[in-house]
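The values are calculated or read from the model by the stated rules, or taken from the named source; none is laboratory data. This one's a predicted model, so the numbers in the text were calculated from it and none came from an experiment. All Cβ positions, even for glycine, are placed from backbone atoms using ideal geometry, and neighbour counts span all protein chains on display. The area values use the complete protein model at the heavy-atom level, side chains included, leaving out ligands, DNA and RNA. Shrake-Rupley method; radii C 1.70, N 1.55, O 1.52, S 1.80 Å.
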Amino acid sequence: MGDAAPKPLPFHFQFAAGAIAGVSEILCMYPLDVAKTRLMLQVGSSGSGGGDQYKSIFDVFRRIIAEEGPTRLYRGILPPIMVEAPKRAIKFAANDTYAPMFKQLFNQEKLTQPLAILTGVS
């Protein structure tokens, strides 16, 4: 009863999991990219006074939320989501599909590190 190997998820579940992972990453990281871009763009743009410059990443978030609203942190997020969701879906599904194929091809019981690298590269 306990000796049976776990059955892999069907391809469409792996595909959906990859898409969800890609969208989740964008939703978490996009505000940081916005803040980073604001900090990068201010370098050299202000005079010697520098009164309007951001002082830290926390200052960027605080001022964007206070002055422009929290939705400004996600402005322009649709194109990255449209790229990342299919890319991650394909990567996840392909990786989980290639792993058993390479184990069988190279006569391995378990996924070794070289096979995992080969699977990831494929």
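For the chain, the longest stretch holding no trypsin sites (Lys or Arg not before Pro) located in a DSSP loop with at most 16 other Cβ atoms within 10 Å is which?
Excluding the exposed sites themselves, the longest stretch runs over 1-54.
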Take Ala16 and Asp33, extend 7 Å from each Cα along the Cα→Cβ direction, and tell me the distance between the two endpoints in nm.
2.6 nm
In the chain, which longest range has no GluC sites (Glu not before Pro) that are both DSSP loop (not H, G, I, E or B) and surrounded by at most 16 other Cβ atoms within 10 Å?
1-67
Taking the simple approach of a point 7 Å from Cα along Cα-to-Cβ for both Asp52 and Val121, what is their distance in nm?
5.1 nm
Given a 1.4 Å probe, how much area per residue of the chain is accessible, in Å²?
74 Å²
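Okay, helix-only estimate at 222 nm for the chain: each DSSP H run of n ≥ 4 adds -39500 (n - 2.57), divide by all residues, round to 500 deg cm²/dmol; what do you get?
The helix contribution divided over the chain gives -22500 deg cm²/dmol.
Using 0.36 nm per residue of separation minus the Cα-Cα distance, give me the extension gain between Gln104 and Arg62 in nm, one decimal. Before the final figure, lay out each step's value.
Working: separation 42, 0.36 × 42 = 15.12 nm, distance 5.39 nm.
Length gained, Gln104 through Arg62: 9.7 nm.
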Just one of (1) 37; (2) 45; (3) 62 is percent of Cα pairs over 20 Å apart as worked out from the coordinates here. Which one is it?
(3)
Report, to the nearest 10°, how far helix 57-67 tilts away from the longest principal axis of the Cα atoms in the chain, using its own Cα long axis and a range of 0 to 90°.
70 degrees
